[in-house]
Amino acid sequence: MIEKTSHVQEEKQELLEKDRQYLWHHISPHNENPIIFEKGQGSRVTDIDGNEYLDAMSGLWCVNVGHGRETIAEAAMMQMKKLGYVPLSNSHAPAVNLAEALNDWLVEDYRFFFSNSGSDANEVAFKMARQYHQQKGTYGKYKILSRYRAYHGNSMGAMGATGQASRKLKYEPAGEGFKHVPPPYCYRCPFGKEPNSCSLECASAIENMIEWEGEASVAAVIVEPVITGGGMIVPPDGYLQELRAICDRHDVLLIVDEVICGFGRSGEPFGHRNFDVIPDIVTMAKGITSAYAPLSATAVRQEIYEVFKQKEATSHFRHVNTFGGNPVSCAVALENLAIIEEEKLVEEASDMGAFLAEELSVLWEFPVVGDIRTFGLMAGIELVEDRESKTPLAVEKMNQLLAFCREKGVIAGKNGDTVPGFQNVLTLAPPFIITKDEIRQILAVFKEALAGVT
Ligand code: PLP
């Protein structure tokens, strides 16, 4: 036993040394002491020392069916043995079957363009939106409107649509024609209104922007159903429906970014279904494979696709993506969707989301809790120095809180704006198979953690 333990320690040290020398970590400032994870099962992941953690964020809001799914591994292996790759200028069964399956998840009929990441899916959506208007003979409609606090990805266009200044600061200019309006953030209403006593000024801001920029220059509006990574900002009733009407009035496409909200995370098949809105374009990634393989899709209403079928040599969509729609990723996605359907995980996410929302209400006893926002199986607890001033909880305190949770075996998230001082939303987005006991475990750790914040 002692021998085994020392062997693990040696392996860990070796990995850490190489990690420090060769690996560039995502998101965090240079992480000199990363946890080295080794395996995952259900809602839990285990590190190289054998410590178990409840993965209360499903990785990055993505491992929706939970870790360690054998049938997904088998589907990947079988497809890899059969046909590992051909480009999608021709076709293969996993892509065709996946496109059909995805169409069944949506209300209207769509066409599917496959890529590798959420950022890719949004880039494709922007290019399609711009070309669509030209194909119809309307030139000059190129601007893409989105909201501050939104996150739509890290590539130039997707970053352009993102509304978080410090994610962009060092990399701008990030493409031409991206404009932002204030978010529908009732807790800190940018229009100074009280919740439920406003006239949806946040939606009107988009119509004003379209008019002021000139309708003839605006191609599309992109929104997540709820802003997730920007701090779980749930719009007021009627907001998304109003955006749909605004887009229709101005011949502007409505792109709904379902990268996080899709595939049951919202408690419905897609987040826009929570609001009974039909988007022109839907972008999806993460939960499409529960992150077992990279894949994303841009779904476009069939009428939009038809416009690209004109005969001129330049009318088709000029976009190629080597890995997009890789047969193995598509096979993984098909198995992932089959699991969600067979195990009724959309319903499960909705039920567990309702349970989580109920349980979270005990946190109001802590004065640092300013607001609690939930949507499907996601939650954001906005932490403040005091409820009166709503000063965001200092980021050092947020970091301490998350470190405490990790020590107690719970991995939670920290979201908000990347503007200094506004990373004060504690987030949860557990796998859909999380149990009530596991939710109670998260809450017990949160209570202990919040009791220690002064
Ligand atoms: N859109 C949303 C709403 C996201 O949350 C993300 C990533 O977190 C993206 C797009 C970008 O996805 P990816 O990281 O796969 O490029």
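Within the range 60-79, the residues that satisfy the criterion of being over 17 Å from residue 342 (Cβ atoms), more than 16 Å from the ligand (Cβ to nearest atom) and surrounded by 15 or more Cβ atoms within 10 Å (Cβ to Cβ) are 67, 76, 79. The residues of the range 285-318 that are of a type outside the set (Lys, Arg), within 16 Å of the ligand (Cβ to nearest atom) and under 20 Å from residue 126 (Cα atoms), listed by number, are 285, 295, 296, 297, 298, 299.
Criterion first (buried (at least 24 other Cβ atoms within 10 Å of the Cβ) and farther than 20 Å from residue 371 by Cα) does residue 404 satisfy it? Answer is no for this residue.
For the range 54-72, a residue qualifies if it is closer than 23 Å to residue 327 by Cβ, touching a residue at least 40 places away in the same chain (Cβ under 8 Å) and not in a loop (DSSP other than H, G, I, E, B), and the qualifying residues are 71, 72.
Here is a check on your reading of the model: is residue 246 in contact with an Asp or Glu (Cβ under 7 Å, 6 or more places away or on another chain), farther than 22 Å from residue 372 by Cα, in a loop (DSSP other than H, G, I, E, B) and hydrophobic (A, V, I, L, M, F, W, C)?
no
Do we find that residue 86 is part of a loop (DSSP other than H, G, I, E, B), of a type in the set (A, V, I, L, M), modelled with pLDDT of 95 or more and assigned by TED's automatic domain parsing to the domain that holds residue 338 in this structure? If you could, list the steps in order and put the result at the bottom.
Details: part of a loop (DSSP other than H, G, I, E, B): yes; of a type in the set (A, V, I, L, M): yes; modelled with pLDDT of 95 or more: yes; assigned by TED's automatic domain parsing to the domain that holds residue 338: yes.
Criteria met by residue 86.
Residue by residue, here is whether (1) away from the ligand (no atom under 12 Å from the Cβ); (2) in contact with a Pro (Cβ under 7 Å, 6 or more places away or on another chain); (3) at pLDDT below 95 holds:
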position: 160; (1), (2), (3): yes, no, no
position: 165; (1), (2), (3): yes, no, yes
position: 172; (1), (2), (3): yes, no, yes
position: 186; (1), (2), (3): yes, yes, no
position: 207; (1), (2), (3): yes, no, no
position: 221; (1), (2), (3): yes, no, no
position: 226; (1), (2), (3): no, yes, no
position: 251; (1), (2), (3): yes, no, no
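Does residue 119 qualify as being within 16 Å of the ligand (Cβ to nearest atom), in contact (Cβ under 8 Å) with a residue 12 or more places away in the chain and either among the basic types (Lys, Arg) or buried (at least 19 other Cβ atoms within 10 Å of the Cβ) (or both)?
Judged against the criteria, residue 119 is a match.
Only one of these conditions is not met by residue 426: (1) closer than 21 Å to residue 358 by Cα; (2) touching a residue at least 60 places away in the same chain (Cβ under 8 Å); (3) within 18 Å of the chain's Cα centre (by Cα). Which number is it? Here residue 426 meets the rest and fails (2). For first residues located in the range 345-360 and part of a helix (DSSP H, G or I), partners that are buried (at least 16 other Cβ atoms within 10 Å of the Cβ) and of a type in the set (S, T, N, Q) and lie 6+ apart or on another chain with Cβ distances below 6 Å form the pairs 357/374. Of all residues in the range 189-239, those satisfying the criterion of being over 27 Å from the mean Cα position of the chain (by Cα) and small (Gly, Ala, Ser) are 192, 197, 199, 214, 216, 217.
Screening residue 375 against (1) farther than 19 Å from residue 449 by Cα; (2) out of contact with any Gly (no Cβ under 8 Å at 6 or more places or on another chain) leaves a single unmet condition, (2). Taking the range 97-213 and the helices (runs of 4 or more DSSP H) fully enclosed by it, the elements with 2 or more residues that are of a type in the set (Ser, Thr, Tyr) and either under 19 Å from residue 279 (Cα atoms) or not assigned by TED's automatic domain parsing to the domain that holds residue 324 (or both) are at 118-135.
Can you find even one residue in the range 291-300 that is more than 17 Å from the chain's Cα centre (by Cα) and either in contact (Cβ under 8 Å) with a residue 60 or more places away in the chain or more than 24 Å from residue 151 (Cβ to Cβ) (or both)? Among the residues of the range 291-300, at least one is more than 17 Å from the chain's Cα centre (by Cα) and either in contact (Cβ under 8 Å) with a residue 60 or more places away in the chain or more than 24 Å from residue 151 (Cβ to Cβ) (or both), which makes the answer yes.
The residue of the range 267-278 that is nearest to residue 433 (Cα to Cα), among those that are away from the ligand (no atom under 14 Å from the Cβ) and not acidic (Asp, Glu), is 267. Is there a residue being surrounded by 20 or more Cβ atoms within 10 Å (Cβ to Cβ), among the acidic types (Asp, Glu) and in contact with a strand residue (DSSP E or B) (Cβ under 9 Å, 6 or more places away or on another chain) anywhere in the range 36-50? Scanning the range 36-50, I find no residue that is surrounded by 20 or more Cβ atoms within 10 Å (Cβ to Cβ), among the acidic types (Asp, Glu) and in contact with a strand residue (DSSP E or B) (Cβ under 9 Å, 6 or more places away or on another chain), so the answer is no.
The values are calculated or read from the model by the stated rules, or taken from the named source; none is laboratory data. Fair warning: this is a prediction, and the values are worked out from it, not measured in the lab. Virtual Cβ from ideal backbone geometry, glycine too; neighbours counted across all protein chains shown.
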